[in-house]
1. Note down the magnitude of the dipole of the stretch 5-66 about its Cα centre, charges +1 on Lys and Arg C-beta and -1 on Asp and Glu C-beta and zero elsewhere, to the nearest 20 debye.
2. For the stretch 7-54, run through the trypsin sites (Lys or Arg not before Pro) and keep only the ones in DSSP coil with at most 15 other Cβ atoms within 10 Å of their Cβ.
3. For THR18, enumerate residues with amide H under 5 Å from its amide H, sequence gap 5+ or separate chain, H modeled in the peptide plane.
4. Express in nm, to one decimal, how much length is gained between LYS45 and GLU20 on full extension, taking 0.36 nm for each residue of separation and deducting their alpha carbon distance.
5. How large is the dipole of the stretch 97-141 about the Cα centre if only Lys and Arg carry +1 and Asp and Glu carry -1, each at its Cβ, rounded to the nearest 20 debye?
6. At a temperature of 20 °C and a viscosity of 1.002 mPa s, determine how fast the stretch 97-141 diffuses translationally according to Stokes-Einstein, using the Kirkwood radius over alpha-carbon pairs as Rh; express D in µm²/s, rounded to the nearest whole number.
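Please treat every number below as a calculation from the coordinates, not as lab data. Bear in mind that the values here come from a model prediction, so they are computed numbers and not experimental data. Using ideal geometry, Cβ is built from the backbone for each residue, glycine included, and neighbour counts are taken over all protein chains shown.
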Amino acid sequence: MQKEPIYKLLKFYDFFETKEPDQFSSPDGMSINVGEVVVVWRFGKIGLVTDSLERLENFLNCFSILLPSSNLERKFYKIFQEIPEEKPDSSFQALEFHEAFWDCECEKDFVHRKDTLLVCPKCNAHQEDQPDSLAHEVADHI
């Protein structure tokens, strides 16, 4: 297993080299020994033994998500803050529904009163399975 990609990965996740060769620690107490295989220790117990860089990265990524106080969180928020905020379209209006009417599946004349019609005679749509009508459609229908 090549060590350079592992060292880069560990640096990304804020691990630092200890006095022992090929041994790394993180600020939250996780330690990693790099040899023919990578051994990850957490709270004095082995958490992972692997020879796969991808598996090591997935493992570290899972723990970084669970550790909100890590430097990785600060890196994420720094990147996130650099993403420009999208402004909502000023022409957007919230949809308003009319609770006394419902829409069937018909192309035309699809607005029906709830108190007078339970099933559309044209498309056989049932009121209970269909959405309420949009307020502007009810206004156009009346």
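1. Result for the stretch 5-66 is approximately 140 debye, rounded to the nearest 20.
2. LYS19
3. Sorted by chain and number, the residues that satisfy this are GLN23, PHE24, SER25.
4. Difference between extended and current length: 7.1 nm.
5. Around 160 debye, computed over the stretch 97-141.
6. D, rounded to a whole number, is 211 µm²/s.
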